[in-house]
Each structure stands twice: as C-alpha cells, then as structure tokens.
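Colleague: Questions regarding the structure given below will be posed in turn.
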Amino acid sequence: MFSFRWNNCFYLLWLINCLNFTGLRADRIVGVGKSVTNLEHHSEISSDSQCVYPKNAIYFIIHQLCPVADPLCIIDIPFDNEILFDRIRCSTASYNENNSVELLSPSEMFKRIDIHLQNKGLPLCMISAFYAPNCYFSFQMSPHLNALPRMFPHLEVVAVDASESSRLYTRYGVIGTPTVILWINGLPAFRMDEAPFSLQSFKKFVERRTDLEAIRSVNVTDEDHFGPLLCHYKAATIDWLFLASLGSMLLSICYFLYISKLVKTALIAAHRYLLRRFGRLFL
C-alpha cells in the first residue's frame, strides 16, 4: 500500500513537470488566424476561435478531474439521492416573488408545451389544471389553485379551459374536469389523484413528486376566490338532468327484473304461497 501511494505521487509530479515544460502559462493565448484544412477530423476552424491555456499544470489537472458545473445542478450524493431516483428536480427554476396562475387557451397551452420540449437547459417544471367554467368541482378547486403559486414560487402554474378544445381529451387523456398534471420539459410526468382538490392536497402532491418545499405560511385568502382563475357555478332549484338520469336508471332496473328468470320463478312461488295461505278468503 505504501509503495503504491508513492508511485502515484511520483507519477503526478512527473505529469506536472511535463505539462510545465510544454509552457502552459496564463499569458499564452494563441489566436488561430487562418483556416486549417490538413486535420483528419476537422475540415475548417473558424478564424475567431482562440485557445486559452490555464495558469499552470495543477489547475489544468483539477479542471479536468473536477470540471466547473452550475451550482444549481450540483447534487450532494448520497444525501440528495431521492432527487435522482424518486423526485423531479424543479428547484433549479428561478424564484418568482409575484408568481400567479396563468390562464391559457388550448392553443396557447400547445405552444407552451412545444417551447418546453425544445428546452436544452435546466429542467422546466409546470403544473396544469384543466377545468370547465361551469363545473362544480372546478369551482371548488379554483381558490386553492390560485393560492398554489404563492406556496411554490419556483413552480409554473397554468389553468386551461378544457371545454374549448376536444384535442385535449384525445392527446393528453383529459377525461374529466378538473384534471391536474405535472409536466417536466413538456412531457406529462404525473397526474394528481388526491381528492378533494385542496391546498393541502396540492402541497402533498408537489412535495412528493418534486424537490420543492412549500412555504408553510401560505393559506387560502378571500382574494383567491376572485381570481385569477374564476369559475361560476349556479345551483339550480331542480336538476332536471339528474331526475332524467334517475328515471332512466329505474326503468332499466325494472326491465331487467321483468325479463329475469330468477325473478319470474320467485314471483310464481310467491303467488302459489299466497293462494295456499289466503285462497280460502276469496272463495
């Protein structure tokens, strides 16, 4: 073990001396003035390119072994291993102090998704709520969704009226309203199934699926009932659609009971029993 360590040290010193001998100095900047065409893999080098050498050999080795990375992308393994395997990295987004819900039309939503699909930088996280203005459940969800951006300033929150386009139903499986989906770089990652849609259920969903942490002091206020997302629901005195569906269901049950052999057998047996028991009263 001792000789092995010393061999590594000698090899490192020899490499440093070799690199210093080649003249890697900070003030040596070689400009490429003409195009080079005699290289095997590079047919042409731009005349504006420059080769900037490091200050000394030890910096060169350090940067090769430990390249500079964006601090937002650094993960402290093994303490942040949940981010790699269990949760989405969304905390790299910018902090928006005045974060609020964006109301988008279906066409604007498709454009936003295309922009996120073309992203090649840090991850873009977005949570979308597909709603219907006259839906009772969307009406209940709206104030809680309006408070969500204040709880997660790093998260992009949008609301889309699903009743304006049928493409949402076939393209993203929006089969009912409200439907809440978490997106990562323009791709749907998770669908929220926690019901009812309250601020606490939103908080649990986001914290379980991403690395974001909620601001605990945020609550639903009176202003959240008046926008940005505003759904109107007027309860009717008589719900005729409900009565029609109930009548149709009762008629279907009666019909299937009428044609059922088991029900016919039971009716015949009951009829015979009544005749034997009470038949004399009618004679």
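Quick note: the coordinates plus some simple rules give every number you see, no bench work behind them. Nothing here was measured: the structure is a model prediction, and the numbers come from that model. Quick reminder, even Gly has a Cβ in these numbers, built from the backbone with ideal geometry, and neighbours come from all protein chains shown.
Colleague: Tally Lys and Arg at +1 and Asp and Glu at -1 over the other residues with C-beta under 13 Å from the C-beta of residue 114: what net charge comes out? Intermediate values should be presented prior to the final figure.
Modeller: On the way: positive: 111, 112, 171; negative: 108.
That sum, taken over residues with Cβ under 13 Å, equals +2.
Colleague: Now, a different point. Could you order peptides 161-173, 143-155 by the average number of other Cβ atoms within 10 Å of their residues, highest first?
Modeller: Details: 161-173: 15.8, 143-155: 21.5.
Ranking the peptides 161-173, 143-155 by packing returns 143-155, 161-173.
Colleague: So for each of 205-217, 254-266 I average, over its residues, the number of other beta carbons within 10 Å; can you give me the resulting order with the highest mean first?
Modeller: Details: 205-217: 16.0, 254-266: 10.2.
Taking the mean over residues of other Cβ atoms within 10 Å, the ranking is 205-217, 254-266.
Colleague: Where does the charge balance sit around residue 207 when Lys and Arg score +1, Asp and Glu -1, over other residues with C-beta under 9 Å from its C-beta? Show your work: numbers first, answer last.
Modeller: Values: positive: 87, 203, 204, 208, 209; negative: 211, 213.
Around residue 207, the charge tally is +3.
Colleague: Just to confirm a number: summing +1 for Lys and Arg and -1 for Asp and Glu over residues other than residue 146 whose beta-carbon lies under 12 angstrom from that of residue 146, what do you get?
Modeller: Numbers: positive: 150; negative: 102, 222, 223, 224.
Summing Lys/Arg as +1 and Asp/Glu as -1 gives -3.
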